[in-house]
């Protein structure tokens, strides 16, 4: 384990840090998945926006790691436009 990993391991023991980290990680993963699927379909942000019924600026914002206003209806419209599915899972936290 390198210094960074040790440092992160210590930080993750702080419940406030862990919660903030997990929230941002989930946002970044959603943004990455949307962009990856859009690019795999050969669509521009403008083309996806037209299919979803929003602006290109909205798609650009959604594809940013810090975007935090995802809604299930919006994610479903994006998924439909990308011929994908949305899965939501609530997973119990591991006991410490």
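Across the alpha-carbon set of the chain, the Rg to Rh ratio works out to 1.08, Rh being the Kirkwood radius. Among 73-81, 38-46, sorting by the average number of other beta carbon atoms lying within 10 angstrom of each residue, highest first, gives 73-81, 38-46. Cα-based values for segment 1-53, radius of gyration first and Dmax second, are 16.9, 47 Å. Estimated from helical segments only, the mean residue ellipticity of the chain at 222 nm is -20000 deg cm²/dmol, where each DSSP H run of four or more residues counts as -39500 (n - 2.57). Once C-alpha pairs closer than 8 Å and six or more residues apart are averaged by separation and normalised to the residue number of segment 3-81, the relative contact order reads 30 percent.
FYI, it's all coordinate maths here, none of it is from the lab. Just so you know, these numbers come straight off a predicted model, no measurement behind them. No Cβ is skipped: glycine too gets one built from the backbone with ideal geometry, and neighbour counts run over all protein chains shown.
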